Amino acid sequence: MQIIDGKAVADEIKKEIGAEVEAIIAAGGKIPHLVAILVGNNGASETYVANKVKSCEELGFKSTLLRFDPTISEEELLDEVRKINQNDDMDGLIVQLPLPDHINPDKVMETIDPRKDVDGFHPINIGRMAKGLPAYISATPQGVLDLLERYNIETAGKHCVVVGRSQIVGLPMTILMQRNTKIGNCTVTITHSRTKNLAEVCASADILIAALGRPEFITADYVKEGAVIIDVGLTRVEDSSKKSGFALKGDVKFDEVAPKCSFITPVPKGVGPMTIVSLMKNTLLSAKKVIYQ
Ligand code: NAP
């Protein structure tokens, strides 16, 4: 069994991005610029956005954090998005979710110019991804693809089971794993809370991607001998032995599953560190106008 070290891969990709940005700056090119919108003061959102801004600094990107009061109206927020759409210096825009209840997140996502949608949530990017056209791919699924690629894991012809069908992880994951690309060409099964005989379906997977948000749900009986296990889950559970009072748990019961599989991502330091790196990669692609001219 081999542990997939997401932290090491993320650090390697960060170095590559940092070197490319240095070369761009030396040549007088466009410095990638990421804009993050944060509405209100949700603790977890504050942390996620702070980490994204920190990554920008580390990699030589420009970043702008726009904070708005939770009372901002939907129309006012849409106007702010439109202003960023018009600003040629701003390459990528992310709007941190969740938004207050009176703001429809779909409306906000659809107002972002798809050329700046570095989170890959706009229907145009999702549609282009499904068609196999150049598109911004959402960060977590892209991170999973990069891990499979960097560990030279063969995917063609394999049965990939994805647990979870969310718009940001499960669904794009299934689309990507069936594409006719180097990491792809799987026979894919998508599963969710209504799936019958889930353990049996999972145990038929050569590659099992767990993204359901139920800590340690996937036990050894869900796993075929020699399978590749990708654990996207990340849940805070109370743990009085930790200074913070909580521990981060994945969807996979690591100790039971690890001895059975060929590769496995741990939690933390598995898929998690790849997510921000993918966002940075998308922002760099936007600054270089690779996806859209
Ligand atoms: P989500 O929107 O809550 O979706 C969860 C999916 O899992 C749903 O499709 C749900 O089915 C399915 N599900 C829930 N319970 C199930 C069960 N008992 N059996 C089978 N399927 C079940 O969650 P998400 O946003 O995709 O996130 C999933 C997990 O990944 C969370 O732990 C999240 O924190 C983590 N995550 C991590 C990263 C990272 O950077 N590492 C990034 C994003 C998300 P229904 O559709 O039928 O309800």
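The values are calculated or read from the model by the stated rules, or taken from the named source; none is laboratory data. Note that the coordinates shown come from a computational prediction; the quantities given were computed from them, not determined experimentally. Ideal geometry is used to build each Cβ from the backbone, glycine not excepted, and the neighbour counts take in all protein chains shown. With ligands, DNA and RNA removed, areas are computed over all heavy atoms of the protein, side chains included. Shrake-Rupley method; radii C 1.70, N 1.55, O 1.52, S 1.80 Å.
Which one of these is part of a loop (DSSP other than H, G, I, E, B), under 20 Å from the mean Cα position of the chain (by Cα) and aliphatic (A, V, I, L, M): I183, I175, I190?
After ruling out the rest, the residue left standing is I183.
Based on what the data block shows, is L176 in contact with a Pro (Cβ under 9 Å, 6 or more places away or on another chain), without any contact (Cβ under 8 Å) to a residue 40 or more places away in the chain and within 16 Å of the ligand (Cβ to nearest atom)?
Taking the combined requirement at face value, the residue does not satisfy it.
Of (1) assigned to a loop (DSSP other than H, G, I, E, B); (2) near the ligand (Cβ under 10 Å from one of its atoms); (3) open to solvent by 60 Å² or more (accessible area, probe 1.4 Å), K196 satisfies all except one. Which?
It is condition (2) that K196 fails.
Please go through (1) surrounded by 20 or more Cβ atoms within 10 Å (Cβ to Cβ); (2) more than 18 Å from the chain's Cα centre (by Cα); (3) part of a loop (DSSP other than H, G, I, E, B) for I137 and return the number of the only condition it doesn't satisfy.
(2)
In segment 246-293, which residues are part of a loop (DSSP other than H, G, I, E, B), among the aliphatic types (A, V, I, L, M) and open to solvent by 50 Å² or more (accessible area, probe 1.4 Å)?
V290
Could you grab me the full set of residues in segment 145-170 that are in contact (Cβ under 8 Å) with a residue 24 or more places away in the chain and either within 9 Å of the ligand (Cβ to nearest atom) or of a type in the set (S, T, N, Q) (or both)?
Correct list: T155, V163, G164, R165, S166, Q167, I168, V169, G170.
How many of the residues making up segment 202-222 are within 24 Å of G143 (Cβ to Cβ), within 15 Å of the ligand (Cβ to nearest atom) and of a type in the set (V, I, T)?
So the count comes out to 2.
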